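The values are calculated or read from the model by the stated rules, or taken from the named source; none is laboratory data. Computed from a prediction, not measured in an experiment: that's the story for all the values here. Cβ placement follows ideal geometry from the backbone for every residue including glycine, while neighbour counts extend to all protein chains displayed. Accessible surface is based on the protein model in full, side chains and every heavy atom, while ligands, DNA and RNA are left aside. Shrake-Rupley method; radii C 1.70, N 1.55, O 1.52, S 1.80 Å.
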Amino acid sequence: MRLDKFLKVSRLIKRRTVANEACDAGRVLVNGKQAKASTTVKVGDEIEILFGQKSVKVCVLDLQDTTKKEEAKDLFKYI
């Protein structure tokens, strides 16, 4: 699954266009490396998102094309 789509489906970032812009700005790291929006995400990957002074680090647990709001938190765990 594409990185920008995973960020949207998991609700880590609200919209796919915003996820795309974050990737283009170099604020998203996958396994410690800067990632483009088209980077393929696999189960077990570590994603770090830099929000200004704060950073969020998660581990991918599951991949789904769509999900309900309540189930979105089951796609990842915070590290």
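Once the Cα-Cα distance is subtracted from the 0.36 nm per residue extended length, the residue 55 to residue 11 segment shows a gain of 14.3 nm. With the Cα gyration tensor of the chain giving a ≥ b ≥ c as the square roots of its eigenvalues, does the rule (a/c under 1.5 for rounded; else a/b larger than b/c for prolate; else oblate) give rounded, prolate or oblate? Rounded is the answer for the chain, as its axis ratio a/c remains below 1.5. Normalised by the number of residues in the chain, the average gap of Cα pairs under 8 Å and 6 or more apart makes the relative contact order 28 percent. Here the accessible area is traced with a 1.4 Å probe on the protein chains. For region 1-65, carbon and sulfur cover 46 percent of it. The alpha carbon centroids of region 17-45 and region 59-73 are separated by 17 Å. With the highest mean first, a sort of the peptides 32-40, 48-56, 9-17 on other beta-carbon atoms found within 10 angstrom per residue produces 9-17, 32-40, 48-56. Net charge around residue 21, counting only other residues with Cβ within less than 14 Å of its Cβ (Lys, Arg = +1; Asp, Glu = -1)? Result for the neighbourhood of residue 21: +4.
On a per residue basis, the chain carries 65 Å² of accessible surface, using protein heavy atoms and a 1.4 Å probe. Compute the length gained on full extension between residue 25 and residue 42: take 0.36 nm times their separation in residues and subtract their Cα-Cα distance, giving the result in nm to one decimal. 3.9 nm is the gain from fully extending residue 25 to residue 42.
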